[in-house]
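The values are calculated or read from the model by the stated rules, or taken from the named source; none is laboratory data. Values in this document were obtained by computation on a predicted structure and should not be read as measured data. Note: ideal-geometry Cβ built from the backbone for every residue, glycine included; neighbour counts use all protein chains shown. These accessible areas exclude ligands, DNA and RNA; they are computed on the full protein's heavy atoms, side chains included. Shrake-Rupley method; radii C 1.70, N 1.55, O 1.52, S 1.80 Å.
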Amino acid sequence: MKTLFTRGIQAVMVAVLIGAATFAMMRSLPGDAAYRIAAGRYGYDNVNTAAADAVREELGLGGPALPAFLSWLGDLARLDFGTSLVTGNPVIAEIGHQLGASLALAAVAVLLSLLIGPPLGILAGLRPGGVLDRALLIVSTGLKAVPQFLMALILILVLSVQLKLLPAAGHGEARHFILPALALALGLAAVNARIARDAMARVGAMPYYAFARWKGLSRQQTLMRHGLRNVSVPLLTYLGLQFVTLVEGVVVVEAVFGWPGIGHALVHAIFSRDVPMVQGTALVLGLSFVVINAVIDLVTQRIDPRRAA
């Protein structure tokens, strides 16, 4: 209960801070917001001064900032995210449609990272200083240093343009997941591998691990009974921190691959000066981080052998 209460307070603070920050940043952007909104509605080729003036009068743009922000907070307290200035649809409906695509992509990326990183890290941690350990250090450092947008472009160039194995963009089929998920997963896998390696090396040096081998347990039995559970605790804990990186990557990678998710929608909303959509999408991303961390806290409390004892 204490964990849930703490996370609930954090969620409220995140909502207010994100709302204030996005509202202030959108207000401070240069240019005519009415023109940008009209361009988002009708297209840049069909926008003129009359269309921009009509949008400005319809939405009451240019009024005092504080009343507008307080009105947004009041709507948020009633779980009303407002209406998109471009489409005219409720923001919550727009986000609900896009969030599913982002969650699906994020889930595939996390699954791939867990399938790639931790197994290699555990194998390297079983023999610290070995060939695999040194090779993993070099590869993981290189992957972690590559920005996700650059990784996405490299994957497109190699697997799509040169080898013609996978589509560079698209949505709706399983093969469309592979490139954007890999672009997100490789950096996560590099970090997961190092965390699993360090945790496994630390556990393997513990007296109880050596005692399990002395009792006659095989390497596999010792690993399954005494290794994996202890390795999973720091891995899951850091997975919550990695969600920040994943959120940042989703925004960039969705834009590169044209993935119809919440990150792609956020970019378009910023260009169109659609303030309610920017606030709503940023709020959902921020609250997702709080929720994920709360879930991971609860899970680690259950699986941590030290707390279970």
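Points worth noting:
This table checks each residue for (1) at positive phi; (2) modelled with pLDDT of 75 or more; (3) open to solvent by 30 Å² or more (accessible area, probe 1.4 Å).
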residue	(1), (2), (3)
Pro207	no, no, yes
Ala210	no, no, yes
Val231	no, no, no
Val253	no, yes, no
Gly263	no, yes, no
Ile270	no, yes, yes
Pro276	no, yes, no
Thr281	no, yes, no
Gln301	no, no, yes
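- Of all residues in the range 31-66 being of a type in the set (Gly, Ala, Ser), open to solvent by less than 50 Å² (accessible area, probe 1.4 Å) and in a helix (DSSP H, G or I), the one that is nearest to Val16 (Cα to Cα): Ala65
- Any chance Ile116 is open to solvent by 50 Å² or more (accessible area, probe 1.4 Å), modelled with pLDDT of 85 or more and closer than 30 Å to Leu188 by Cβ: yes
- Qualifying residue in the range 71-92 (condition: assigned to a strand (DSSP E or B) and either of a type outside the set (S, T, N, Q) or in contact (Cβ under 8 Å) with a residue 24 or more places away in the chain (or both)): yes
- Scope the range 120-141; condition more than 19 Å from Met206 (Cβ to Cβ) and in contact (Cβ under 8 Å) with a residue 40 or more places away in the chain; matching residues: Leu120, Leu136, Leu137, Val139, Ser140, Thr141
- The number of residues in the range 237-251 being over 14 Å from Ala109 (Cα atoms) and at pLDDT 75 or above comes to 1.
- Any hit, the range 7-30, residues being within 20 Å of Gln279 (Cβ to Cβ), open to solvent by 40 Å² or more (accessible area, probe 1.4 Å) and not in a helix (DSSP H, G or I): yes
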